[in-house]
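Only the coordinates and a few stated rules stand behind these numbers; no lab work does. This is a predicted model, so every value here is computed, not measured. Counting neighbours? That spans all protein chains shown, and the Cβs are built from the backbone with ideal geometry, glycine included.
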Amino acid sequence: MGVDLVVKNIGKLVTMRGNSSPRVGEEMNNLEILENAYIAIENGKFVAIGIGEGYEDIVSKYTRIENANGLLVTPGLIDAHTHLVHGGSRENEFSKKLSGVPYIEVLKQGGGILSTVRSTKEATFDNLYTKAKKSLDRMLEFGVTTIESKSGYGLELDTELKQLKVAKELDKYHPVDLVHTFLGAHAIPVEYKDNHKQFIDILVEDMMPKIKDLDLAEFCDVFCEDGVFTIEESEYILNKSKELGYKLKIHADEIVSLGGAELSAKLGCTSSDHLMAASEEGMKQMAQSGVIANILPGTSFNLNKSYADARKMIELKVPVSLSSDYNPGSCPSENLQFIMQLGCLGLKMTPNEVLSAVTINAAHAIDRQDEIGSIEVGKKADLAIFDAPNVEYLMYHFGINHIDRVYKEGQLVVDNKQVIYDNK
Ligand code: IZC
Ligand code: ZN
């Protein structure tokens, strides 16, 4: 066996290689960008990266040689926070939100997350699979090659299992790789409204061990928010999940500054997500313990809220990643490129910082930094080819899909903006 594939004539190749720890501060902005580059791939992994016609020495008559036509190439994008698998949609709440009813108020009235819980319970496995697959195809068409996928629309064992099994099945048959998170602590079911303790006991004593035993989730997550799970409840749930062998994530300081950022640092969460209301002290502690700040600007945009203070986080050397938060309530969009544009326009990040945030730092946010997130010998050959001359152009020309082609582990899976894999 030799080199299977060479992609040559890459106008600008953003490698993101060379860092074993997440990029912080200036490192997020200082990128290696090779001009007139090529990439060689063997068995789905990168085996060489170079300039000009250097590949001629390593190819054989069996090597396929493809031309990037002078375009921009980056590592496949990573969306490290999605609520991919769910039933129904919530456009019925859209006018309510537009008229100023807060997100949490809709939840308190029995809508919001609880409305999606009802739709997800009603949906069959096949309904959920078909709907999630359609969204996953869209994500792939925007250049996303790995995502994190959360449960949390069952709030009881059977429906949580149904969601997690749909995600596992998609991981098996779809080119996009999925990383699985149990988010049973996403809301308090109506019947436990006045007895949180009883619900939390079911979560930690029944659901979490069973889901771990079935190997259906690697991470455990909690929606820590005023009116949902308190700081004390979140700490208890996450500590229990750590004992069971889960890695930790938290929805922290999204609406109210409760100290979620501080808690994520104390517990050593892999990522702490949202952080629109995070305190400066919380950010400093996150920087110290190396928690990834996974910022979700699509939610700020959709809920008409303020944006997280990404500039402060970068200044304090908190590693920042960006993700979509794709969900039917606060970010009903699969378009990670639009999220990247909001990274510049809403979060005031530079285009280079944004690209670090959706590649190598997003890989760290899901503990996949050894496999993906950069174009580097030995890593999976996940590539996005953009019909764009440079990184700035991707963020500047907003609201469209810039993708030309996508490769997942060396296989062409999107051509001319359309998925072309064997569609199961
Ligand atoms: O369905 O509203 N923020 N959870 C926490 C969500 C958004 C998802 C939803
Ligand atoms: Zn979320």
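Put in line by how crowded their Cβ is, counting other Cβ atoms within 10 Å and starting with the fewest, Val391, Val406 read Val391, Val406. Bridgeable lysines around Lys97 (alpha carbons under 20 Å apart, same-chain partners fewer than 8 residues away excluded): Lys108, Lys305. Spacing of the modelled spin labels on Gln109 and Asn29, each 7 Å from Cα toward Cβ, amounts to 4.4 nm.
On full extension of the chain, what length is gained from Glu315 through Ser21, given 0.36 nm per residue of separation minus the C-alpha to C-alpha distance?
Values: separation 294, 0.36 × 294 = 105.84 nm, distance 1.70 nm.
Taking 0.36 nm per residue and subtracting the Cα distance, the gain is 104.1 nm.
Could you work out the helix-only [θ] at 222 nm for the chain, with each DSSP H run of four or more residues adding -39,500 (n - 2.57) and the total divided by the number of residues, to the nearest 500 deg cm²/dmol?
Details: 16 runs with 141 residues, N = 424.
That comes out to -9500 deg cm²/dmol.
Just checking the listed ones, Leu13, Leu303, Leu336: in the Gaussian network model of the chain with Cα springs under 10 Å, the one fluctuating most is Leu303.
If the chain between Asp213 and His196 were fully stretched, how many nm would it gain, using 0.36 nm times the residue separation less the Cα-Cα distance?
Working: separation 17, 0.36 × 17 = 6.12 nm, distance 2.47 nm.
Value of the extension gain: 3.6 nm.
Across the chain, the relative contact order, built from alpha-carbon pairs under 8 Å that are at least six residues apart, equals 20 percent.
Report D for the chain in µm² per second (integer): Stokes-Einstein, Kirkwood Rh on Cα pairs, 25 °C, 0.890 mPa s. Display every interim value, and only then the final one.
Values: Rh = 21.6 Å.
Rounded to a whole number, D works out at 114 µm²/s.
Past 19 Å, Cα to Cα, is the threshold; run Lys131/Lys247; Lys172/Lys380; Lys210/Lys242; Lys172/Lys242; Lys240/Lys317; Lys162/Lys380 against it and keep the listed order. Mind dumping the intermediate values first?
Details: Lys131/Lys247 28 Å; Lys172/Lys380 17 Å; Lys210/Lys242 14 Å; Lys172/Lys242 26 Å; Lys240/Lys317 29 Å; Lys162/Lys380 29 Å.
Over 19 Å apart, Cα to Cα: Lys131/Lys247; Lys172/Lys242; Lys240/Lys317; Lys162/Lys380.
Lys134 label point, 7 Å along Cα→Cβ, cut-off 13 Å on backbone N: hits in the range 79-105? Backbone N within reach: 86-90. Taking a ≥ b ≥ c as the square roots of the eigenvalues of the Cα gyration tensor of the range 91-234, is the shape rounded (a/c under 1.5), prolate (a/b larger than b/c) or oblate? Since a/c reaches 1.5 but b/c is at least a/b, the shape of the range 91-234 is classed as oblate.
Distance between the pseudo-spin-label points of Tyr173 and Thr124 (7 Å out from Cα toward the beta carbon): 1.3 nm. Between Ser289 and Ile400, residue separation times 0.36 nm minus the direct Cα-Cα distance comes to 36.2 nm.
Counting other C-beta atoms within 10 Å, which of Glu218, Glu281 has the fewest, and how do the rest follow?
Working: Glu218 17, Glu281 12.
Ranked by crowding around the Cβ, least crowded first: Glu281, Glu218.
For a footprinting-style exposure proxy, rank Ile188, Ile104, Ile400 by other Cβ within 10 Å, fewest first. Could the numbers behind the result be given before it?
On the way: Ile188 22, Ile104 16, Ile400 12.
Neighbour counts put them in this order, fewest first: Ile400, Ile104, Ile188.
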